[in-house]
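> Have a look at the structure that comes next, please.
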Amino acid sequence: PDAISANTVCTFDIETDVINGTELPIMVTVCFKNKCYTAVLAEFLKGIANVEMLFQAATRKYIPEYLDKHQMVPELYIAKDHVDLLRMGFMKVHEWKPDFLAIWNMNFDIPKVIQALEYFKVDPKMILCDPKVPYPYRICRYKQGPTKKVTASGRAIPINPAAQWHTLFLTASFYVIDAMCVYKQIRLAKQEEPSYSLDAILNKELGIRKLKFKEADQYKGLKWHQVMQTNYKIEYIIYNIFDSLSMLELD
């Protein structure tokens, strides 16, 4: 328990559009030491006045103990478009230069990021790679790990998502890891968990859960996200922040 790695960890989490069916990223949060940076799509906040004031008030209302513990003042950036959103999120990580960029279930986030950039005809190397590396030497290639294994009898068995190992080959100062897969990998000698969702592991290890809001308690799954993205946009940003911040707590 006292063998704490000296490696520095930055956490990363995105939320995607579930209202218009695009599934494009609408916000990204990165947390590192006492820093927290969230970029949110301007279109998502359309019609809301005093966004910065509401945002800071909401952070103090919902997660004050975590902000105080880390001596953290969350920073909000309003992005003009999807590319700007992702550019600014990764720019912060390049600026901070952690050893690891940790993502819980990166097989959701990284493909969504790459697909969004390609949709807008932007080379992912321009956003994800370290900006100091000359373009001809940049590498950005995502390799999905096996999702099933074939038994001796020829039967295909799905591999638990937490046991899959995905790799992002990236020219950057940090190495991208799937925090969910790492959690399972270093506990192979232990009994398999019923669930490796972030919510389940936070509850097991820390006795806390992902952020919820009483206004939307009656909803579950996709419907919950749809209601939050429609009616409780500022609270949804805090939800995104806590997904990233809670991984620091878990680490």
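The values are calculated or read from the model by the stated rules, or taken from the named source; none is laboratory data. Bear in mind that the values here come from a model prediction, so they are computed numbers and not experimental data. Cβ sites come from the backbone with ideal geometry, for glycine too, and all protein chains shown count toward neighbours. Quick note on the areas: whole protein, heavy atoms, side chains included, nothing else; ligands and nucleic acids left out. Shrake-Rupley method; radii C 1.70, N 1.55, O 1.52, S 1.80 Å.
> Compute the signed sum of charges (Lys and Arg +1, Asp and Glu -1) over the other residues within less than 15 Å, Cβ to Cβ, of residue 120.
It works out to a net charge of -2.
> So, one more: On a C-alpha basis, how far is the centre of region 181-214 from the centre of region 40-84 in Å? Whole number, if you could?
Answer, in whole Å: 26.
> Which trypsin sites (Lys or Arg not before Pro) does region 31-116 hold that lie in a coil by DSSP with at most 13 other beta carbons within 10 Å?
Sites meeting the loop and neighbour criteria: 46, 80.
> With +1 on each Lys and Arg Cβ and -1 on each Asp and Glu Cβ, and nothing else charged, work out how big the dipole of the chain is about its Cα centre, in Debye to the nearest 20. Provide the component values of the computation, followed by the final result.
Details: 31 positive and 29 negative charges, 112 e Å.
With Lys and Arg at +1 and Asp and Glu at -1, about 540 debye.
> How far apart, in nm, are two points set 7 Å out from the Cα along the Cα-to-Cβ line at residue 46 and at residue 167?
Placing both labels 7 Å along Cα→Cβ, they lie 4.3 nm apart.
> Let's test the formula: R0 of 30 Å, r as the Cβ-Cβ distance of residue 23 and residue 217. What FRET efficiency results, to the nearest 0.05?
0.75
> Something else about it: If you take the beta carbon distance between residue 210 and residue 108 as r and set R0 to 22 Å, what does 1/(1 + (r/R0)^6) give as a FRET efficiency, to the nearest 0.05?
0.90
> Please report, to one decimal in angstroms, the Kirkwood hydrodynamic radius of region 94-227 built from all distinct Cα-Cα pairs.
17.6
> Within 10 Å, at most 14 other Cβ atoms, and a DSSP state outside H, G, I, E, B define an exposed site. Report the longest part of the chain free of exposed GluC sites (Glu not before Pro).
24-191
> Please give the length that would be gained between residue 157 and residue 200 if that part of the chain were fully extended, namely 0.36 nm times their separation in residues minus their C-alpha to C-alpha distance (nm, one decimal).
13.1 nm
> Under a Cβ-Cβ cut-off of 11 Å, what is the net charge of the residues other than residue 8 that fall near it, where Lys and Arg count +1 and Asp and Glu count -1?
That works out to 0.
> What residue among 110, 177, 159 has the largest mean-square fluctuation in a Gaussian network model of the chain, using Cα springs under 10 Å?
159
> Size of the dipole of region 1-140 about the Cα centre, Lys and Arg at +1 and Asp and Glu at -1 on the beta carbon, nothing else charged, in debye to 20? Write out the running numbers ahead of the final one.
Values: 15 positive and 18 negative charges, 62 e Å.
Charge dipole, region 1-140, about its Cα centre: 300 debye, nearest 20.
> Could you tell me which of 241, 227, 213 has its Cα farthest along the dipole of region 204-251 towards the positive end, charges placed at Cβ (Lys, Arg +1; Asp, Glu -1), taken about the Cα centre?
227
> Of 116, 161, 150, which is farthest on the positive side of the dipole of region 115-251, counting Cα position, with +1 on Lys and Arg Cβ, -1 on Asp and Glu Cβ, and the Cα centre as origin?
150
> What accessible area per residue, rounded to a whole number of Å², is obtained for the chain using a probe radius of 1.4 Å? Mind showing how you got there, number by number?
On the way: 13270 Å² over 251 residues.
The answer is 53 Å² per residue.
> Amide H to amide H, which residues 5 or more places from residue 104 or on other chains are under 5 Å from it, using H placed in the peptide plane?
12, 179
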